[in-house]
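What follows is one structure encoded as structure tokens, with my remarks underneath.
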Amino acid sequence: MYLSKLAESAKKYLIEITGDCEVESLSQDSREATNKGLFFCIKGQRFDSHDFAQMAIQNGCVALVVNRVLKDIDVPQVVVSDSRGAMALMAAAFYDNPADKMRMVGITGTKGKTTTSYIVKSILDAAGIPNGLIGTTGSLVGDIKRQGGLTTPDPIDLHKTLADMYAAGVEAVCMEVSAHAIDMKRLEGITFEAACYTNFSQDHLDYFNSMEEYYNAKKSFMLSSQVKNAAINVDDDSSFEIIKQIKVPHSTYGISGNSDIFARDIEISENGVQFNLSLWNEQWYPITLHMMGMFNVYNCLAASALCLILGIEPNNIVQGIKNIRNVPGRAEVLETNTAYKVILDYSHSPAALENILKTVRSFARKKIILLFGCGGDRDHAKRPIMGKIAGEMADFTVLTSDNPRTEDPNKIISEIESGIKKTTGEYTVIENRHNAIEYALDAAKEGDIVILAGKGDETYQEIHGKKYPFNEKSIVAELLYSKRKRG
């Protein structure tokens, strides 16, 4: 595709183009080897890739997208007012606008995005609609999984993935929409037939300057022209402003408030949840969900509301919910063959940690042993809050490392510890996460429940900026195998 044609797709941001050439690949990593590549110069919080344009050219790029003309650069340059927005529109055009050929479903909110997307997928499977999923756990087409790095991929990866899905026969795509992606315009140009707002609570204050700024990012997506139909959790107070301002057709869901889609007669146990589902007050549908927690009832309601927008029949909604057994790393009960349970959960924010502890407390027969840490180079303010929650709600807590990234893990732990010290909760500190897991498993007795919180189904631990293999499912299995072998 010629550069001039790509530039035309981003005309809302286009200032000038200094030449033309054929482009055969897209890149935003100057270290990446390309063949006739187009390099996008993005100014980030810490680095400005305009400074690495020459490296990108040495690695095969034949043109640049820039915010300012770079001197002494002998390749065509597309000068734009916003490199991120232009990248999203140009990536879509490069891959022949695959999102326009499929039914797009987007889910935003602090919690519940991943699980809701998996429930939507299960419902679409039950309805016989070929579908794809994009989110924190990677991308999924049928049973074929591709690992991902971001909740919402950068535009180049996103549109390549969408193009691959369309080529594979996918008709509908359900994807998580993160606040970062909204702010960075990764989804520019994509129209969502259905979009959902799940809830709002503290997270990502390392990136956003305030809770208001974080909320406004999510709200801006729901109120944008990209959303054609919406589903909104009426039980979350933050929804009222969206409901008041939204102009497109929308439905509400909830448990305690008046809503279009709601659940009643909820019975929660360690094996799952049973409840009655009402869809627009037409009829009651008995639901059997093989996943635990009130939060998963909300996720089922969100998925049901989205699928009703898509025209899915109620019997397929009921069957899809019944069919799903677990979501990787989300309140996932591991098969341990032990007298105690081990639950893997991605909870890495105060509200998410409180949710999983509240759920487990509702059926725990004996002690709850909680293991968690907090990520480095991320929101510092939530660390003592999560420590306090742990001290108040768990019987015993093992404070450990998460993904310290470039921070000192012991400093992170001490900030969590400042919160737990305000409670009477018992705890210990074991910085090495592998050793901490071993300690928690050794401490568990019959009837106890061990919660490994924070990392979910991640397969790495990031220390000093480097990712090391770290899969908690595998580690638990290996530790228990060694324990049985020792007798």
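Tabulated data
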| quantity | calculated |
| --- | --- |
| Helical contribution to [θ] at 222 nm, DSSP H n ≥ 4, -39,500 (n - 2.57), averaged over the chain, rounded to 500 | -10000 deg cm²/dmol |
| Residues with amide H under 5 Å from that of Gly19, placed H, sequence gap 5 or more | Gln77 |
| The stretch 228-284 and the stretch 312-339: distance between their alpha carbon centers, rounded to Å | 20 |
| Lys, Arg +1 and Asp, Glu -1 on Cβ, resulting dipole of the chain about Cα centre, debye, nearest 20 | 660 |
| Where a label projected 7 Å from the Cα of Ile475 along Cα→Cβ would reach, residues of the stretch 393-429 with amide N under 14 Å | 398-405 |
| Computed over the stretch 38-112, Cα set: Rg, Dmax in Å | 15.5, 49 |
| Karplus 3J(HN,Hα) series, Hz, for the stretch 460-470 with 6.51 cos²θ - 1.76 cosθ + 1.60 (x for Gly, Pro) | 8, 10, 9, 10, 6, x, 10, 8, 10, x, 7 |
| Average accessible area per residue (Å²) across the stretch 285-416 - probe 1.4 Å, nucleic acids and ligands excluded | 35 |
| Amide hydrogen neighbours beyond the local backbone of Gly138, cut-off 5 Å, H modeled | Gly148 |
| Rounded percent of accessible protein surface that carbon and sulfur make up, the chain, 1.4 Å probe | 47 |
| Long-range HN-HN contacts of Ala231 with modeled amide H, under 5 Å | Ala195, Cys196, Tyr197, Ser251 |
| DSSP beta bridges in the stretch 192-341 [antiparallel fraction, %, rounded to 5] | 60 |
| Cα-based Rg of the stretch 123-247 normalised by 2.2 N^0.38 Å, two decimals | 1.10 |
| Vicinal HN-Hα couplings computed from phi for the stretch 181-198 (Karplus, 6.51 cos²θ - 1.76 cosθ + 1.60; Hz; Gly/Pro x) | 4, 5, 5, 8, 6, 5, 9, 3, x, 8, 9, 9, 4, 9, 9, 10, 10, 8 |
| Kirkwood estimate for the chain, i.e. one over the average of 1/r between Cα atoms, Å | 23.9 |
| FRET efficiency, Val429 to Arg46 (Cβ-Cβ, R0 45 Å, nearest 0.05) | 0.90 |
| Positive dipole terminus of the stretch 356-476, leading residue within Gly456, Pro409, Gly376 (C-beta point charges) | Gly456 |
| 1.4 Å probe accessible area per residue over the stretch 146-227, in Å² | 36 |
| Calculated from backbone phi, Karplus (6.51, -1.76, 1.60) coupling profile of the stretch 379-395 in Hz, x at Gly/Pro | 3, 6, 4, 7, 4, x, 5, 5, x, 5, 4, 4, x, 7, 10, 9, 7 |
| Qualifying trypsin sites (Lys or Arg not before Pro) in the stretch 223-294, DSSP loop, other Cβ atoms within 10 Å at most 15 | Lys228, Lys247 |
| 11 Å tail of the calculated P(r), the stretch 182-225, as % of Cα pairs | 70 |
| Extension gain, Arg484 back to Ile15 (0.36 nm per residue minus Cα-Cα distance, nm) | 162.1 nm |
| Exposed-site-free run, longest, the chain (rule: GluC sites (Glu not before Pro); DSSP loop; at most 10 other C-beta within 10 Å) | 1-281 |
| Qualifying trypsin sites (Lys or Arg not before Pro) in the stretch 290-382, DSSP loop, other Cβ atoms within 10 Å at most 14 | Arg325, Arg365, Lys366 |
| Thr459/Asn271 FRET efficiency (R0 25 Å; Cβ-Cβ; nearest 0.05) | 0.35 |
| Neighbour cut-off at most 10 other Cβ (10 Å), DSSP loop, trypsin sites (Lys or Arg not before Pro), the stretch 1-56 | Lys11, Arg31, Arg46 |
| The stretch 9-71-the stretch 352-427 distance, computed between alpha-carbon centres (Å) | 43 |
| P(r) histogram, all alpha-carbon pairs of the stretch 54-160 included - 10 Å bins from 0, percent | 12, 34, 29, 17, 8, 1 |
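The values are calculated or read from the model by the stated rules, or taken from the named source; none is laboratory data. As the structure is a computational prediction, the values presented were derived from the model and not from experiment. All Cβ positions, glycine included, derive from the backbone under ideal geometry; neighbour counts span all protein chains shown. These accessible areas exclude ligands, DNA and RNA; they are computed on the full protein's heavy atoms, side chains included. Shrake-Rupley method; radii C 1.70, N 1.55, O 1.52, S 1.80 Å.
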